[in-house]
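These notes concern the structure reproduced below.
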Amino acid sequence: MEKKEQLYEGKAKKVYATEDPSLVIVSYKDDATALDGLKKGSIAGKGSINNRMSNYLMELLEKEGVPTHFVEELSDRETLVRRVTIVPLEVIIRNISAGSFAKRYGVEEGIVFAEPTIEFSYKNDSLHDPLINEYHALALGLATRQEIDRIKELAFRVNDILRAYFKGLGVKLVDFKLEFGRTGTGEIVLADEISPDTCRFWDARTNEKLDKDRFRRDMGGVEDAYREMMRRVFGDRA
Ligand code: TMP
Ligand code: ASP
């Protein structure tokens, strides 16, 4: 499948049309941002790592019955995916306190929850992705009640599958962000990416951070953390 005109450029990916109107090509960049794009940088090798890891995880989820946008990996950085309209909600699942949850509620990071939590942010950089509840999302027409129910069901299913998978690799899945899309026929599918950009991964033994928090918090060792996660997932094929 050939790349045609560029349809969109986001902070970490570009999207291209193809000759098939129901398919697009996603191209992953090494660019990294934080704080709604205020903090800018680059993480060498990230585009390829996020592309390959996300594809691997989406295939795993598909096998477990979660519909995703994934179609075919085309190269290290490029993947053919189903064309969707992104539901403008960031869907965040948490198993352990960290990040904005710890800050908002004044608790330390690392508290293991009895039950996973879910929250939504309105995907809008100029408003700084504000927290939003389901009624507000409905009021703003961002999704229907049926779509929100389906998104919640799929998000918790993704958590069950991925938490068990990463546990087997010696990694705690602390929290993560998902985005969902609507296909041409109105089906809700998992879209965007699942990677160290969008998940918090802690080493199960040492709690060492193996994700983008090392960039967000200027901790150093960013590239090494991404490579380590790649090694855990792909072993010798990393
Ligand atoms: P938070 O604790 O900052 O709200 O982040 C929760 C999870 O969502 C964490 O795994 C990182 C991920 N995330 C994104 O993927 N994109 C974002 O813009 C933000 C703020 C968080
Ligand atoms: N999406 C955030 C940004 O704008 C990045 C992050 O914290 O993951 O730049």
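The values are calculated or read from the model by the stated rules, or taken from the named source; none is laboratory data. Quick caveat: nothing in here was measured; it's all calculated off a predicted structure. Note: ideal-geometry Cβ built from the backbone for every residue, glycine included; neighbour counts use all protein chains shown. Only protein heavy atoms, including side chains, enter the accessible area calculation; ligands, DNA and RNA are left aside. Shrake-Rupley method; radii C 1.70, N 1.55, O 1.52, S 1.80 Å.
Worth a mention:
- Scan of region 73-127 for residues that are touching a residue at least 12 places away in the same chain (Cβ under 8 Å) and acidic (Asp, Glu), ordered by number: 73, 76, 78, 90, 109, 119, 125
- Looking only at region 30-59, and only at residues there that are more than 27 Å from residue 168 (Cα to Cα), at pLDDT 95 or above and of a type in the set (Asp, Glu), the one that is nearest to ligand 1 (Cβ to nearest atom): 31
- Of all residues making up region 13-43, the number that are in contact with an Asp or Glu (Cβ under 6 Å, 6 or more places away or on another chain) and either outside any loop (DSSP other than H, G, I, E, B) or closer than 20 Å to residue 71 by Cα (or both): 4
- Residue in region 44-52 that is within 16 Å of ligand 2 (Cβ to nearest atom), in a strand (DSSP E or B), open to solvent by less than 60 Å² (accessible area, probe 1.4 Å) and over 23 Å from residue 154 (Cβ atoms) present: no
- Within region 212-238, residues that are in contact (Cβ under 8 Å) with a residue 60 or more places away in the chain reach partners that are open to solvent by 60 Å² or more (accessible area, probe 1.4 Å) and part of a helix (DSSP H, G or I) with beta carbons closer than 8 Å, at six or more positions or on different chains, in the pairs 233/56; 234/56.
- For first residues located in region 175-186 and surrounded by fewer than 17 Cβ atoms within 10 Å (Cβ to Cβ), partners that are among the charged types (D, E, K, R) and lie 6+ apart or on another chain with Cβ distances below 6 Å form the pairs 183/82.
- Residues that are among the β-branched types (Val, Ile, Thr) and under 25 Å from residue 10 (Cβ atoms), drawn from region 145-182: 148, 151, 158, 174
- Hits in region 128-147 - residues which are without any contact (Cβ under 8 Å) to a residue 24 or more places away in the chain, away from ligand 2 (no atom under 16 Å from the Cβ) and of a type outside the set (Asp, Glu): 133, 135, 136, 138, 139, 140, 141, 144, 145, 146
- Residues of region 1-12 satisfying the condition of being farther than 17 Å from residue 123 by Cα and not in a loop (DSSP other than H, G, I, E, B): 6, 7
- Among the candidates 164, 98, 155, the residue that is among the aliphatic types (A, V, I, L, M), closer than 29 Å to residue 228 by Cβ and within 16 Å of ligand 2 (Cβ to nearest atom) is uniquely 98.
- Filtered by the rule that a residue be in a helix (DSSP H, G or I), surrounded by 17 or more Cβ atoms within 10 Å (Cβ to Cβ) and of a type in the set (A, V, I, L, M, F, W, C), region 196-238 gives 215, 222, 225, 229, 230, 233.
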